[in-house]
Amino acid sequence: MHELLTTDEMAEADRRAVSLGVPSLTLMENAGRAVADEAANMVPPGSRIAVLCGPGNNGGDGFVAARLLKERGFDVRVACLVPVAELKGDAAEMAKRWGDPVESLEPFSPQFATLVIDAIFGAGLTKDIEGVVAEVVKALNPRQQEIGVLAVDVPTGIDGNSGAERGFAVRADRTITFMCMKPGHVLFPGRTFCGKVVVADIGIPQHVLNDVSSGLHVNSELWASLYPWPEPDGHKYTRGHAVVVSGPPLQTGAARLGARGALRIGAGLVTLVGGTASCAVNAMHSTAIMVREVSTADDLAKFLEDERRNSVLIGPGSNVGAGTARDVLAVLASPAAVVLDADALTSFANGDDALLAAGGRMGFVVAHDDRQLSANSLFAAIITRTAPVVLTPHDGEFKRLFGDLKGSKLDRARAAAKLSGAIVVLKGPDTVIASPDGRAAINANAPPWLATAGSGDVLAGFITGLLAQKMPAFAAACAAVWLHGECANAHGSCLIAEDLPEILPSVLAKLKIHT
């Protein structure tokens, strides 16, 4: 299952299941059984297993797993953060059914166990780990190479919504969660603590998931049915015409990477536009990609009046300043779908004196009235148009444009999409794609090889090429991000940005077979 539920949504799903007649004890029994099954798959029969329980429902799941594992012949010991007499509700009942002695979590020594089941705190953790639990984590983590660790819901210390490490966190070999994964399983740093994540069905009806879901997914091939595979009777003019705005002559490479990405992913035609000197450089390096001299914002606006030129990428290598900002506004005044990347975003930084000063020192064209071309100017131009806009910032560009938005990476991307009226692709190893309507996806297939100059330009080109082919914008952004990651995975080490478009055909061939 690719859906993700926040901790509040998961709690609501539990509540609704109970209101529909599924006993809460049954849900806990099912969860504990799933934990026991997973634990039994991790170690040989009869192994020594330590179950570490917290005071809430996560601990209740641990007590169920302990009882079932003991019944299967495993040597099980249970330690709890609080005395059993202080447990309440379903957790108290499951501790009673365990029936055997329960040790204190302090002092805890991992030396007893072949496997440790971490059922201390689950995804709803809202405070930093300290005291006894912190000592347990510090004792357990260094022994991970010798002792297997199975986390229940999320590893203790990981915030299920943000993936943040709350002081200290257990490093698990495997994590078992229920009904759906949580954002903290795929956002960093949480993803690095979870190990392999297994999702177990505990008996919550499927329609409950549909009712509580906010449209958040792990980015996967869910968009494949919308992918613009060429029609048998199609031709280049039916596959769209992507336009990429080039930077100055010594910074044309980024635009060419974007143009190559747009062409390779299927746009029927791609044109690089720019000033006279930039066109001379681009013409020397381009064959199938056309080159056209378009020197001013007015020229660019006139060039885009032709609605056949139906998608535009601007920003890679453009230079930060008022000139780029004016070009962006000219592009946004057109009927084309638009991708804004890199300098196209930073040129609208909200009154950032340090940035403007740095721009002047680096030779950027910074006009005296740059402050008037603020983020609000950009957002106003986006919100008034009907064609889609996709913003592709990395963290630094995001902060310059949107300031210090609060919350997790997911929260910030969603807030930015709503504020700007654009689809926001907040890049990183856990790229978040967010739509103004609240839909969002978290990408999980990007390898570290993508941390190389120019890879983001290719990604922007992929999105632009899919928009040229009229793929719905949110799906296009999700598809491009996923394909970008798969290309890097297919190549492996020593990847450079130029490799990405060349690997795409083999990745798409595999996708076509499975759709």
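What to note about this one:
- Distance histogram in 10 Å bins (all Cα pairs of the stretch 135-277, percent per bin): 10, 24, 18, 18, 20, 9, 1
- Pair-distance distribution of the stretch 30-74: all C-alpha pairs, bin width 5 Å, starting at 0; shares per bin in whole percent are 6, 26, 35, 22, 9, 2.
- Computed with a 1.4 Å probe over protein heavy atoms only, the accessible area of Y237 comes to about 150 Å².
- In this structure the amide hydrogen of V294, modeled in the peptide plane, comes within under 5 Å of the amide hydrogens of G274, G275, none closer than 5 places in sequence on its chain.
- Between 0 and 90 degrees, the angle of helix 473-491 with respect to the longest Cα principal axis of the chain falls at about 80 degrees.
- Taking the stretch 373-515 and dividing mean pair separation by its residue count, relative contact order in percent (alpha carbons under 8 Å, at least six apart): 19 percent
- Quick note on the stretch 23-120: its Rg to Rh ratio, both from C-alpha atoms and Rh being the Kirkwood radius, is 0.93.
- Shape category assigned to the stretch 195-281 from the gyration tensor of Cα positions, a/c cut at 1.5: prolate
- Carbon and sulfur %, accessible surface of the stretch 368-495 computed with the full protein complex present, 1.4 Å: 54 percent
- Excluding ligands, DNA and RNA, the accessible surface per residue across the stretch 124-278 is 39 Å² with a 1.4 Å probe.
- Burial order of peptide ranges 257-268, 305-316 (average beta-carbon count within 10 Å, highest first): 257-268, 305-316
- Radius, Kirkwood style, for the stretch 277-334 when every pair of distinct Cα atoms is counted (Å): 12.4 Å
- Rounded to the nearest 10 square angstrom, S506 shows an accessible area of 60 square angstrom against a 1.4 Å probe.
- Those residues of the stretch 214-249 whose amide nitrogen sits under 19 Å from the label point placed on H2, 7 Å along Cα→Cβ: 214-230
- Mean accessible surface per residue for the stretch 1-115, computed with a 1.4 Å probe while every protein chain stays in place, in Å²: 46 Å²
- For the stretch 9-116, the set of trypsin sites (Lys or Arg not before Pro) satisfying both a DSSP loop assignment and a count of at most 15 other C-beta atoms within 10 Å is given as R72, K88.
- In this simple spin-label approximation, N445 and L405 carry label points 7 Å from Cα along the Cα→Cβ vector, and these lie 2.5 nm apart.
- Computed extension length for E93-K236: 44.7 nm, one decimal, from 0.36 nm per residue of separation with the Cα-Cα distance subtracted.
- Largest-first principal axis extents, alpha carbons of the chain, Å: 82, 54, 45
- Between the stretch 430-480 and the stretch 46-72, the Cα center-to-center distance that results, in Å: 42 Å
- Its residue count N fixes a reference of 2.2 N^0.38 Å for the stretch 404-503, and the Cα radius of gyration divided by that reference is 1.07.
- Distances between placed amide hydrogens fall under 5 Å for L313 paired with V243, V244, V245, V339, all partners being 5 or more residues away or on another chain.
- Within the accessible area of the stretch 98-151 (1.4 Å probe), percent carbon and sulfur: 47 percent
- Evaluating 6.51 cos²θ - 1.76 cosθ + 1.60 at θ = phi - 60° for every residue in the stretch 212-224, the Karplus couplings come out as 9, 5, 9, x, 9, 9, 6, 5, 9, 7, 4, 8, 4 Hz, glycine and proline recorded as x.
- Probe 1.4 Å, all protein chains present, accessible-area order of D327, D61, D8, largest first: D8, D327, D61
- Accessible area ranking (1.4 Å probe, heavy atoms, ligands and nucleic acids excluded), largest first, for H185, H285: H285, H185.
- Residues whose placed amide H lies under 5 Å from that of H217, excluding near-sequence neighbours: L4, A440, A441, I442
- Residue-level accessible surface for E165, protein heavy atoms, 1.4 Å, Å²: 80 Å²
- Other residues with beta-carbon under 9 Å from the beta-carbon of L140 carry, at +1 per Lys or Arg and -1 per Asp or Glu, a net charge of +2.
- If you plug the beta carbon distance of Q251 and D306 into 1/(1 + (r/R0)^6) with R0 = 30 Å, you get a FRET efficiency near 0.70.
- Proximal lysines to K138, defined as alpha-carbon separation beneath 22 angstrom and excluding residues fewer than eight positions away on the same chain: K127, K196
- Ranking of I442, I513 by solvent-accessible surface, largest first: I513, I442 (1.4 Å probe, protein heavy atoms only, all chains present).
- Annotation for A380 and E12: the two label points, set 7 Å from Cα along the Cα-Cβ direction, are 3.5 nm apart.
The values are calculated or read from the model by the stated rules, or taken from the named source; none is laboratory data. In this text the structure is predicted, and so the values were computed from the model without any measurement. For neighbour counting, all protein chains shown are included, and Cβ atoms are generated from backbone atoms with ideal geometry for every residue, glycine included. Ligands, DNA and RNA are excluded from the accessible area calculation, which covers all protein heavy atoms including side chains. Shrake-Rupley method; radii C 1.70, N 1.55, O 1.52, S 1.80 Å.
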